[in-house]
Amino acid sequence: METAYFLFFLHLFLKGYCEANHQTNKSDLQKHYKAVEGQNFMMPHCNCSKTVEMKSTSSSAEGGGNEEQFLDCGKVFIAEAKHSGNYSCYTNGNKLFFRLQVEKMRCLWRNESIKILVVVAGGYISCPGFGCSNNTNVTWYKNKKKVSDQYRPSREVREVLYLETVDEKDAGVFFCDTQIIEGGVTWTLRTGVEVIVIPPPLREPPRIPVDNEPKEVEIGQPYTLLCKALFPFELNFSPKMEWYMNNDGNMTLLDSKQNSTNRESLKKYMQEYEVIQVATINEVTPQHLTYTYTCIASNTFGNISATVKLKRKIKVQWPSLVGYPVTSFLLVGGLGIIVHVKWLEIQLIYRSYFQNGKHDEDEKEFDVFLSYVWSPASEEVVEGEIISSRSPPNDEEGSLCITNLLNEEVKATKKPLEVLLPQVLEDQWGYRLCLLERDVIPGGAYTNDVVLAIKKSQMLICVLSDDYFTNSNAVFELESGVQALLQNSGLKLLLLWTTKASPSLIQPDPPLPTLVQRALRVLPSLEWRSGEPSHSNFWKSLRKTMPNNKVKLVSVM
């Protein structure tokens, strides 16, 4: 019995001790950090994740949940208000908890966040926001390690870190931690200083690459004097360059300007800047050939000059008895080669723009042969519908405009062009269309029917799309139209692109016939964008290209 009581009290003692010890350890591992909005910051520990409460937008959800968002450890980033929150981190096998609060601080001077140091020479860095702190304790960090633990000659005095020598490796962000006590809670204010390391000044004047050759000029023409100088690196870079005209010892300052300055970033440790100074002579006269021109470049440590002289440019003149015949021969030969290579394109351009309308329209039965391929979208639109075959209106004036129906088709339903065209051309504008599925009697020879129908039409309109170029029948219709155009049959041909032209579109697998590929580059074309209003340039341009005289309908008794 005594043993049982002893074990019971020992259990209570150990439980209370462990719980107290656990709470103490957890309290010791809880930290509070402050960051300045818009300034550099880096997480004080590794593998940190932020826990945020997720609120459901669904009315049927019963509650929210927690989602962890990971922040890259050891990465410098610009602190924002959204980074505020509670974080948990794992380091050395222990789990740490800390709270981050990002806020604006008026006690921080903006120029404290950047420091420029010179290589080899010593320098110092002040802790930004030291005036915001409640005490004088400052801890400096570089690359996640305390500067005091790094093997480098340095010392810390209050808020200032002194570096006895500066190396290129010192470039980067230094962080300093200070303490702020608010409402009994100790916050660690972490601020960053971006250190830019620059080379020591060379203390030398600029230099101008030597070029003593006279400059060739043409009398009566303008000429630009150009001077390029290379300036050694200076922190406060202010180059000065001038052009002078020397006339028997009299130096006249010319109007000039810096044409370009190539300044590399300080972080790239460039040793020289290139500056170009230009002065323009509006019209060169023989008097200018007697002068010399001097460019002077100067900086804090001295100046340098370079002098040039002008000379008349000698024009090479070919003997007329040799030069002119040879030039004419080369010109005629070149034109002949171009015409031979591009003869097909030249024929298509000529017949497309200059030979239309020179044949008797009585030979034609249709105004337009419409060549297209149904796309999946167009098949959905026309499912259950019959393509219109109404007779054209008698009112010629009424057929010249697109009615409200067209506006509804384009704006509201956005039907594919192959569906919209028959309604507009036939119902609205009164043209007679030839549609293979409607106007060609099935059972005949397909190729003969297509060629005959195209020749009986005043115009061939091809609605080009991805599906069109992969359809052998559609490509045959386009090829037949090109051949009819070359035969001078009085046919007009218009391409309507529903997809932006590209090499992959024009050269599908299998590739298009060579005749079609060459014709696509020169034939008249319009580009269609879905949903275009009735007053758009597409419909206006299309109406202008339509045949002027419509075919006469033959009445059936």
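Per-structure values
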| read-out | value |
| --- | --- |
| Residue within segment 145-165 that is in a loop (DSSP other than H, G, I, E, B) and under 39 Å from the mean Cα position of the chain (by Cα) present | no |
| Qualifying residue in segment 152-169 (condition: within 18 Å of GLU37 (Cβ to Cβ), at pLDDT 85 or above and of a type in the set (A, V, I, L, M)) | no |
| Some residue of segment 111-126 being modelled with pLDDT under 75 and either surrounded by fewer than 16 Cβ atoms within 10 Å (Cβ to Cβ) or over 16 Å from VAL193 (Cβ atoms) (or both) | yes |
| Among (1) surrounded by 12 or more Cβ atoms within 10 Å (Cβ to Cβ); (2) of a type outside the set (D, E, K, R); (3) without any contact (Cβ under 8 Å) to a residue 12 or more places away in the chain - the single one THR178 does not satisfy | (3) |
| Selected residue [of a type in the set (A, V, I, L, M) and closer than 22 Å to TYR87 by Cβ] from VAL185, VAL138 | VAL185 |
| Answer from LEU321, LEU331 - the residue that is at pLDDT 75 or above, outside the structural domain of LEU515 (by TED's automatic domain parsing) and part of a helix (DSSP H, G or I) | LEU331 |
| Residue list for segment 238-253, filter: under 12 Å from THR290 (Cβ atoms) and either of a type in the set (Lys, Arg) or buried (at least 16 other Cβ atoms within 10 Å of the Cβ) (or both) | MET245 |
| Extreme residue, nearest to PRO524 (Cα to Cα), among residues of segment 411-470 that are of a type in the set (A, V, I, L, M), outside any loop (DSSP other than H, G, I, E, B) and touching a Pro at 6+ places or on another chain (Cβ under 8 Å) | MET459 |
| Among residues of segment 431-472, those that are out of contact with any strand residue (DSSP E or B) (no Cβ under 9 Å at 6 or more places or on another chain) and either under 23 Å from PRO416 (Cα atoms) or not assigned by TED's automatic domain parsing to the domain that holds VAL522 (or both), counted | 8 |
| Selected residue [free of Cβ contacts under 8 Å to residues at least 60 places away in the same chain and either basic (Lys, Arg) or within 22 Å of TYR350 (Cα to Cα) (or both)] from PRO442, PRO513, PRO508 | PRO513 |
| Tally of residues being in contact (Cβ under 8 Å) with a residue 24 or more places away in the chain, more than 22 Å from GLU532 (Cβ to Cβ) and touching a helix residue (DSSP H, G or I) at 6+ places or on another chain (Cβ under 8 Å) across segment 424-439 | 4 |
| Selection within segment 289-315 - assigned to a helix (DSSP H, G or I) and within 18 Å of LEU226 (Cα to Cα) | LEU289 |
| When residues of segment 139-162 are limited to those that are touching a helix residue (DSSP H, G or I) at 6+ places or on another chain (Cβ under 7 Å) and among the hydrophobic types (A, V, I, L, M, F, W, C), the one nearest to ASN40 (Cα to Cα) | TRP140 |
| The lone exception for ILE387 - which of (1) within 22 Å of ASN473 (Cβ to Cβ); (2) at pLDDT 55 or above it fails | (2) |
| Pick from segment 497-521, criterion at pLDDT 70 or above and not in a loop (DSSP other than H, G, I, E, B), ranking: surrounded by the most Cβ atoms within 10 Å (Cβ to Cβ) | ALA519 |
| Subset of segment 149-167 (residues that are in contact with a strand residue (DSSP E or B) (Cβ under 7 Å, 6 or more places away or on another chain) and surrounded by 13 or more Cβ atoms within 10 Å (Cβ to Cβ)) | SER154, GLU156, GLU159, VAL160, LEU161, TYR162, LEU163, VAL166 |
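The values are calculated or read from the model by the stated rules, or taken from the named source; none is laboratory data. In this text the structure is predicted, and so the values were computed from the model without any measurement. Note: ideal-geometry Cβ built from the backbone for every residue, glycine included; neighbour counts use all protein chains shown.
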